[in-house]
Each structure stands twice: as C-alpha cells, then as structure tokens.
Amino acid sequence: MIGAHHSQQGSRRWLPAVLRWIAGLAVLGVLLYFLPFATVRKAIAQIPAWLFLGALAGYLLAHTLGIAKWRMVVNAAGAQLDFATSAQCYLGGLFGTLFLPSIVGGDVIRLAVGLRRSPRPAAVLAGNVLDRFLDVAAQSGLALLGLILLPGSMPENLRHTTRKVLLVCAAGVVVLVALTILSRRALLAGRSVRFRRRLARLRHALRSISRQPSKLLLGWLVGTLIQSTFLILTVRLAVACGLVLPLRLWLFAWPLAKLAAVLPLTQGGIGVREAALVALLTPFGAPGHLVLAAGLVWESVIIAGGLLSGGAAFLLRRAASSRPGT
C-alpha cells in the first residue's frame with residue numbers, strides 16, 4: 001500500500017511536466033501543419049554543422065557570464081557562495097527549466113542547491129528573485145529599443161495590439177503591487193514567530209542588495225549583454241536559414257517571444273516561443289516557414305545547452321561531495 005501511494009505521488013509530480021511537453025509538441029504540430037514541414041526542413045538543412053556548434057558554444061559562454069552575474073547578485077544579498085557552488089546552482093537550473101516538472105522551472109533547482117549550501121538561505125532566495133527581475137528588465141529593455149526604432153515600419157494593427165499589451169502588462173504590475181501592499185497585514189496576521197523571523201531575514205537580504213545599486217546596474221548591463229548575445233546568435237542562424245531581416249525587427253520580436261515563453265504553458269516555453277516569433281515577424285513580411293525554422297534551430301541550441309549544463313552540474317555535485325568535510 002505504501003509503495004502504491006509513493007508511486008501515485010511520483011506520477012502526480014511528473015504529470016504537469018508531461019502535459020506541458022505534450023502542449024509544446026501540440027503547438028509545434030499546429031505550426032508545422034500551417035507551415036509545411038518540407039519547407040521548414042529545407043531551411044534548417046542549410047545550416048552547416050560548424051555554425052550550429054559555434055552557436056552552442058556562444059550560448060554556453062554567455063551562460064558562463066550568467067553564472068558570474070547570478071553569484072554577484074546573491075552574494076550582494078549575503079549568500080556567501082563560491083563560484084563552483086554558484087555554477088552548480090545555475091547550470092542545474094538550466095537543465096531543470098527544460099526537463100524537470102516545476103512551474104517555475106530551473107529556479108527550484110537553483111534554490112534547492114543554494115539554500116542548502118549557503119549560511120544565509122534567505123539571501124539566496126532574495127538574490128535569485130532579483131536576478132530574475134534583472135533578466136526580465138534586460139529583455140524588456142531590448143524590446144523597448146526595438147519599439148523605439150520601429151514606429152515607421154510597424155503595421156497599424158500590430159501597433160495597436162502592442163500598445164494594448166503593454167498597457168495591460170503595466171496595469172497588471174500596478175494591481176500586483178497594490179494587492180501586495182494592501183494584503184501585507186492580512187498575510188502577517190496570526191503568523192508564527194518563526195515565519196516572521198524568516199520574513200525579516202528576507203527583508204534584510206533585499207535591503208542589503210538595495211544598498212548596492214552599482215551591482216544592480218552592473219547586473220542589468222551584464223544581463224543585457226547576455227540577452228543581446230542570444231539575439232545575435234539567433235539572427236546568425238536565421239540568416240543561414242535564408243531569413244534576412246533588419247536588426248530592429250529582431251530587437252522588437254525576439255525579446256517579446258522570449259518573455260511569452262515564461263508563461264508556464266509548455267515545458268521550457270517550447271512551442272510558445274516559436275509561435276510568438278512567427279506571430280510577431282510575419283506582419284512585417286517575414287516568411288513564416290523561415291521564422292519557424294530559425295526558431296526550431298535556436299530551440300535545439302537551448303535543449304543541447306540544457307543537456308550539457310545538466311551534465312556539468314552533475315559533475316560539480318560529484319566533485320563537491322568528494323571533498324573532505326562535505
């Protein structure tokens with residue numbers, strides 16, 4: 001009976017991930033139905049192996065910089081993590097984003113390792129949240145730059161739609177902040193002393209980071225550099241597929257597509273990212289099958305990078321466990 005109970009719990013734990021993989025493949029299936037697979041495959045076949053491997057190497061190198069950024073932010077909060085531990089957290093997170101059943105993706109893996117290895121777990125939590133915020137801010141900055149450069153060439157219907165989406169997002173942020181402020185007392189009412197202490201530690205960690213604005217600015221700049229690197233690698237792969245577009249179009253569409261992939265609809269945003277990219281670029285005259293081909297190749301880079309990151313995180317974990325006193 002106990003074994004059956006654990007088996008049911010394990011199945012329920014993996015069920016959301018399986019459903020999200022199915023949803024992602026379903027979205028790709030719909031895209032390939034309307035954009036013939038033969039033309040997409042022909043475009044993908046034009047990419048030489050050396051270019052794909054070069055893009056994969058660039059992807060991993062950019063994430064090496066991401067490890068340093070993540071460590072800087074969490075240590076600014078007081079986490080006191082060394083580079084090897086930070087790399088294990090970060091690389092495990094890349095793997096978890098794609099292959100583990102979690103609503104928030106790789107953040108669970110980052111926190112699972114970081115909270116256990118840091119003398120100040122609240123600092124890891126606060127730093128990870130702020131690091132995510134910096135990544136979103138970097139992507140939003142690129143999208144805003146694209147919007148600034150696009151007004152003359154943006155179709156009228158897409159312009160109105162974009163304006164409405166931005167207004168809805170801004171209104172959502174305002175409502176979320178207002179609800180957080182208004183519900184503060186209700187959340188604290190009746191809470192135990194232990195809970196209040198943990199909340200105080202989290203607040204202290206956030207204040208520690210806020211006292212170091214230069215590191216937040218540096219984190220945003222590094223995040224922007226990393227996201228720009230990913231964007232340029234995607235553009236290079238797209239050109240090899242036969243898709244040549246002005247860079248300002250990519251600055252507008254690519255960050256928005258990546259932000260859309262944050263929604264927990266599919267595993268790792270697979271399918272959502274490609275669908276958003278097709279929807280955003282085709283109004284500008286981009287052939288849909290070429291956009292999808294470029295998106296699928298970049299998705300392959302992400303998956304390959306996730307697998308390699310998972311292997312590296314495993315080796316780092318083995319190395320850490322073999323050290324004396326661990």
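The values are calculated or read from the model by the stated rules, or taken from the named source; none is laboratory data. Every value quoted in this text rests on a predicted model; they were computed, and no experiment measured them. Neighbour counts are summed over all protein chains in view; Cβ atoms, including those assigned to glycine, are modelled from backbone coordinates with ideal geometry.
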### Summary
Sole miss for residue 153 among (1) at pLDDT below 85; (2) among the hydroxyl-bearing types (Ser, Thr, Tyr); (3) within 23 Å of residue 63 (Cβ to Cβ); (4) touching a Phe, Trp or Tyr at 6+ places or on another chain (Cβ under 8 Å) is condition (3)
## Note on the structure
Being of a type in the set (A, V, I, L, M, F, W, C) and either at pLDDT 90 or above or exposed (fewer than 15 other Cβ atoms within 10 Å of the Cβ) (or both) narrows 206, 202, 237 down to just 237
### Query
If residue 56 passes every condition in (1) more than 29 Å from residue 207 (Cα to Cα); (2) modelled with pLDDT under 95; (3) of a type in the set (A, V, I, L, M, F, W, C) but one, which one does it miss?
(2)
#### Entry: Of all residues in segment 75-84 being of a type in the set (Gly, Ala, Ser) and part of a helix (DSSP H, G or I), the one that is surrounded by the fewest Cβ atoms within 10 Å (Cβ to Cβ)
84
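Every residue, every condition in (1) hydrophobic (A, V, I, L, M, F, W, C); (2) farther than 19 Å from residue 38 by Cα; (3) under 20 Å from the mean Cα position of the chain (by Cα), yes or no:
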site: 246; (1), (2), (3): no, yes, no
site: 270; (1), (2), (3): yes, yes, yes
site: 283; (1), (2), (3): no, yes, no
site: 292; (1), (2), (3): yes, no, yes
site: 296; (1), (2), (3): yes, no, yes
site: 300; (1), (2), (3): no, no, yes
site: 312; (1), (2), (3): yes, yes, yes
site: 318; (1), (2), (3): no, yes, no
### Task
Evaluate segment 103-114: report whether one residue or more is modelled with pLDDT under 90, not hydrophobic (A, V, I, L, M, F, W, C) and not in a helix (DSSP H, G or I).
yes
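Scan segment 91-100 and give yes if some residue there is modelled with pLDDT of 90 or more, in a helix (DSSP H, G or I) and under 30 Å from residue 212 (Cα atoms), otherwise no.
Yes - at least one qualifying residue is present in segment 91-100.
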### Task
Could you tell me whether segment 236-252 includes any residue that is in contact with a helix residue (DSSP H, G or I) (Cβ under 8 Å, 6 or more places away or on another chain), closer than 18 Å to residue 52 by Cβ and among the basic types (Lys, Arg)?
yes
### Task
Look at residue 226 and say whether it is at pLDDT 85 or above and in contact with a His (Cβ under 9 Å, 6 or more places away or on another chain).
yes
### Message
For segment 128-136, check the following and say yes or no: at least one residue is touching a residue at least 60 places away in the same chain (Cβ under 8 Å), under 14 Å from residue 77 (Cα atoms) and either assigned to a helix (DSSP H, G or I) or in contact with a Cys (Cβ under 7 Å, 6 or more places away or on another chain) (or both).
### Response
yes
### Query
Do the conditions hold for residue 319, that is, is it in contact (Cβ under 8 Å) with a residue 12 or more places away in the chain and closer than 24 Å to residue 133 by Cβ?
no
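Results for (1) surrounded by fewer than 13 Cβ atoms within 10 Å (Cβ to Cβ); (2) among the hydroxyl-bearing types (Ser, Thr, Tyr); (3) within 17 Å of the chain's Cα centre (by Cα), shown as yes or no for each residue.
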position	(1), (2), (3)
30	yes, no, no
36	yes, no, no
39	no, yes, no
44	no, no, no
49	yes, no, no
60	no, no, yes
70	no, no, yes
73	no, no, yes
